[in-house]
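Below you'll find the structure, written out as structure tokens, and then a few comments.
Throughout, read-outs are computed from the coordinates displayed, never taken from laboratory work. Small disclaimer: the values here were computed from a predicted structure and weren't measured.
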Amino acid sequence: MKANRIVLLLVLLTLVGIVVFWLLSRSPSTGIDLFVSPTDSSITLDGKSFAAGKKSVAPGKYALVVKHDSFLTTTQEVVVKQGQLTKLAVALDPDGIKGEQWLLDHPNEASLREKVMSPIVSEQANKLTKSMPIVTELPHIDNFYRVDYGASKKYPNDKNKIALYVRYYTPDGRAQADEWLVFKGVSLDRTEVIYLDMQNLD
């Protein structure tokens, strides 16, 4: 009877070991856990095709490039450390009207994008407040225009650089947005402002 218990205990320990090994093999301890939006973006890591999700990657520095026809391409350095799963979330910025229309045509993607990126954007906003206080009041939504902030087109690879995005819905909307920005202390000559004419979406 005692021998049977020992055998049963050994079997259970073996099963537990197998399960633990299986779990570890499915969840890499060293690698990248990547989310991108749009989800059908083209991704490369050091020039080689890469897929979103959890992937085992050797420790080191890598160049991550995410592309989409309707969005601005982003390139960033990724550092993977031994025994760590590096979590990354990349949301490409719309490339003008084409990208804005893509988001309107894909509401589910836009919702997922907002859910994943909101905490990250909030953290970035806190860091940017000192250099550009206007970000604390964005988005600013008016009947004739909307002001947001996003990635810089002048410095697409510098995450510390941002641009103001003005979407205007009427012919006078752009001028009204400029007036509001100046009133809030923004120097239009020294600030990167990207204007999107929303009247031409259709």
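TYR149's amide H: which non-local residues (gap 5+, or another chain) put their own amide H closer than 5 Å, with H modeled 1.01 Å from N in plane and none for Pro or chain starts? Residues meeting the amide H criterion: TYR165. Using θ = phi - 60° in the Karplus curve 6.51 cos²θ - 1.76 cosθ + 1.60, the 3J(HN,Hα) couplings for segment 95-109 round to 8, x, 4, 4, x, 4, 5, 4, 5, 5, 7, 10, x, 5, 5 Hz; x is entered for Gly and Pro. Could you name the lysines in cross-link range of LYS161, using Cα to Cα under 26 Å and dropping any fewer than eight places away on the same chain? Within the straight-line limit of under 26 Å, LYS161 reaches these lysines: LYS61, LYS67, LYS87, LYS98, LYS115, LYS127, LYS130, LYS153, LYS184. Quick check: Cα centre of segment 138-202 to Cα centre of segment 58-111, how many Å? Segment 138-202 and segment 58-111 have Cα centres spaced 22 Å from each other. Proximity of backbone amide H atoms, modeled 1.01 Å from N, is registered between GLN84 and GLY31 at under 5 Å, excluding neighbours fewer than 5 places apart on the same chain. Rounded to whole numbers, the Karplus 3J(HN,Hα) couplings from phi for segment 186-195 are 7, 8, 5, 6, 9, 10, 7, 10, 10, 9 Hz, using 6.51 cos²θ - 1.76 cosθ + 1.60 with θ = phi - 60°, and x at Gly and Pro.
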